[in-house]
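Input: a single structure, listed below in structure tokens.
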Amino acid sequence: MVLTRRVAIAALVTTTLVAVMQAPAGTQGATGTLRGRFALPAATGHDHRPALIEPRVAPRPRQTRVGVVYLEVAPSEAFEQPVAARQRMDQRNETFVPHVLAIRTGTTVDFPNSDRIYHNVFSLSPTRKFDLGRYAVGRSKAVRFDRPGVVRVFCDIHSHMSAFILVFSHRYFAVTQPDGTFQLPPVPTGTYMLAGWYEGEVRANRQVVVRSGETTVADLPVP
Amino acid sequence: MSRLLRLAAWAAMAAAAPCAAQEASPPRGNWFQEHVRLAGEASASMSTTEASAEGWFNYSDYENSTVRSLRLSLVGEVTFSERVALITEVRTLQFERPEAYALYVRIRPWVSQALDIHVGRIPPTFGSFPRRLYVADNPLIGMPLAFQYLTSNRADAVPASADELVSMRARGWRSDFSIGNPTEGPGLPIANALRWDSGLQVRWQRDPVTVYGAVTQGTIGDPRLSDDNGGPQLSARVVVAPHPIIALGASVADGPYLARGLAAQLPGPGGLRSHRQQAVGGDVELSRDRWLVRGEVVWNRWNQPAFDGASVRDLDALGSMLEMKYRLWPGLYAAGRVERLGFSDVATTLGPRAWDAPVTRLEVGGGWAVRRQLLLKAVWQRNRREGGRVRASDLGAVQVVTWF
């Protein structure tokens, strides 16, 4: 009997927690869909120095560039649940995969080395400075990101390796598809400023109005 | 008005569509963006002591101190196809006339094979340190003695006797001999890391082995844009990396080093080609976690003409160094290098003496990456020499490096 009561309480607590975490911020239930297309700028030039002495042995796969679309000012709950998620940024063929990772504060990112050579992942960004040292294939090190902001990630050994981690204090963001299309998680009704980020810069923003139960299409052209 | 907005929206969408698609397939027509890569690097170094006061320990054959210099360089790579690329580095020191330090064509005959042929002013084959081209690749400011320190031996002037040779000990920054070019000038370093040779290099890689072979105009101590003695230098290098933690390298080089202007004055029947620079080197790199340790040893021999007995005098030198780097904090590291350059004895009227004054150097310091592309370094350097007017020199130096 005691066991049954405990199970019931545990189930209730779990259900409540899940409901709170799943519910949109602000006015629960009054949400709308926000989707659109971020016209990704043309790819800029190579972001690494020429191979003056050692040629690249194998051409690295051309990574698809994507953007990140997010609400600049987002509604937040009085008691926002901290996330304890884990994400992964791999190192393959002397490339960070994915090139852009968008996460929430509190997320821990694993940096496994899937190459046959050493890598040394580090960042000098004020949002999160870290240096994981050199480690070989099969090993992984992790970093937890507790502050919102942009973190530029590099490899100390291979100057051509770079990536971005965007850390948000809310959940209203999305990494675009390669063609620029995006859809944010259900957004509470209201008026917001939508921003489009690409390769280190906010390239576009616009005001959007989200109405309850409606789908708002908000394209982000480059100014 | 709404029609105008619709038209604008349509135009925006129409303009956006090809932009978004550019990532999947490279944009057509933008040949420069797809095929040209440019990078620039600027570094400025300043030491507490002038080159003359510090005993020319850090002097280079460009006649300036490596710890007191301003260097600007522009590096370019033009990829014409999967098989052919042009690589160049144009550099100026102290704002003097820019010079193409590197200018070569890279040919990959078989795209699937890591076999490259380099023709032109090519990357160095011998040794490990000269391959650290960018300033930021050197954790300290000074360069290893074996790749920078000027010995008294010259390619265009030779001493008439062993006594004259040893009288120039520690005078490599401005050496002067009675046979050949009468003008005072810098002597030769064992291997010149500041100048690239001209010729042909073949590089082949198959993990964990990389092999290099080259035929060049000059020698490792005197890389040349054009030939000056009718004899090529052959050099080779093998690097084995059995595990990511370690890389082992071995290098050899052999070529005539004397200048054509000395040909008529040489003793013996061998001529210019019998007076060679021969070198053997070994290097190791260990890295793990926050540590990076490098060691390099170079043994070198110059067959100098002798006029007081045998027709050839062997001038041997041995350079060795151990370098360590430890990353203390993101962007902050400490580093140190200890090294020695020793010389063999020659028979003089006063007995056997080292043909040049042995040098030891300790350099410790660190670097701080203020930003990803802005590095500040500070070092303290201790030099000791067993001969010459200035036998000891302690100096501090700072350097700022930036690149794009």
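Between B:Arg385, B:Arg260, B:Arg68, the Gaussian network model of chain B with springs among Cα atoms under 10 angstrom shows the greatest mean-square fluctuation at B:Arg260. Dipole of the protein assembly as shown computed with +1 at Lys/Arg Cβ and -1 at Asp/Glu Cβ about the Cα centre; of A:Thr215, B:Leu350, B:Leu362, farthest Cα towards the positive end is A:Thr215.
Think of a 1.4 Å ball rolled over the protein heavy atoms: chain B then has 43 Å² of accessible area per residue. Amide H contacts of A:Thr181: A:Phe38, each under 5 Å away and 5 or more positions distant or on a separate chain (H built 1.01 Å from N in the peptide plane; Pro and chain starts excluded). Dipole orientation for chain B: of the candidates B:Ser320, B:Met143, B:Gln399, B:Gln399 has the Cα lying most toward the positive pole (charges on Cβ; Lys, Arg +1; Asp, Glu -1). Which one of A:Ser125, A:Ile165, A:Pro148 has its Cα pushed farthest toward the positive end of the charge dipole of segment A:81-169, where Lys and Arg give +1 and Asp and Glu give -1 at the Cβ? Sorting the options by dipole projection puts first A:Pro148.
What the phi angles of segment B:176-189 give under the Karplus curve with 6.51, -1.76 and 1.60, with θ = phi - 60°, is a coupling list of 8, 10, 7, 10, x, 4, x, 7, 5, x, x, x, 8, x Hz, glycine and proline written as x.
For the protein assembly as shown, dividing the convex hull volume of the Cα atoms by the residue count gives 191 Å³ per residue.
Working note: Karplus 6.51/-1.76/1.60 with θ = phi - 60° gives segment B:49-64 the couplings 10, 5, 4, 5, 6, 8, x, 6, 4, 9, 6, 10, 6, 7, 6, 8 Hz, where Gly and Pro are set to x. Charge dipole of the protein assembly as shown (Cα centre as origin; +1 on each Lys and Arg Cβ, -1 on each Asp and Glu Cβ, all else neutral): 1940 debye, rounded to the nearest 20. Each residue was assigned an accessible area with a 1.4 Å probe, and for A:Ser159 the value is about 50 Å². Taking every DSSP bridge with both residues inside segment A:81-169, close to 70 percent are antiparallel. Solvent exposure of segment A:81-169, expressed per residue, is 38 Å² of accessible area, with all protein chains present and a 1.4 angstrom probe.
For segment A:164-181, the Karplus equation 6.51 cos²θ - 1.76 cosθ + 1.60, evaluated at θ = phi - 60°, returns couplings of 10, 10, 9, 10, 10, 8, 9, 9, 8, 8, 7, 7, 6, 6, x, 8, x, 6 Hz by residue, with Gly and Pro reported as x.
When the other protein chains are added to the chain by itself, burial of at least 10 square angstrom of heavy-atom accessible area (probe 1.4 Å, ligands and nucleic acids ignored) affects these residues of segment B:66-92: B:Val75, B:Glu77, B:Ile87. Each Lys and Arg Cβ is given +1 and each Asp and Glu Cβ -1; about its Cα centre, segment A:138-223 then shows a dipole of about 340 debye. With respect to chain B, whose longest principal axis is taken over its alpha-carbon atoms, helix B:2-21 is tilted by about 40°. Atom-type composition of the exposed protein surface of the protein assembly as shown places 59 percent of the accessible area on carbon and sulfur (1.4 angstrom probe). Under the simplified labelling scheme, the B:Leu234-A:Gln177 pair shows an inter-label distance of 6.2 nm, with each label point 7 Å from Cα along Cα→Cβ.
Heavy atoms of chains A and B lose about 4200 Å² of accessible surface on contact, summed over both sides with a 1.4 Å probe. For segment A:81-169, the relative contact order is 32 percent, taking Cα pairs closer than 8 Å that sit 6 or more residues apart in sequence and dividing their mean separation by the residue count.
Under a model in which nothing but the beta-carbon of Lys, Arg (+1) and Asp, Glu (-1) is charged, segment A:81-169 shows a dipole of about 200 debye around its Cα centre.
Counting heavy atoms of the protein chains alone, B:Lys325 has an accessible area of about 40 Å² for a 1.4 Å probe.
The values are calculated or read from the model by the stated rules, or taken from the named source; none is laboratory data. Keep in mind it's a predicted model, so treat the numbers as computed, not measured. With ideal geometry, Cβ positions are generated from the backbone for all residues, glycine too; neighbour counts draw on all protein chains shown. Calculation scope for accessible area: heavy atoms of the full protein, side chains included, ligands and nucleic acids excluded. Shrake-Rupley method; radii C 1.70, N 1.55, O 1.52, S 1.80 Å.
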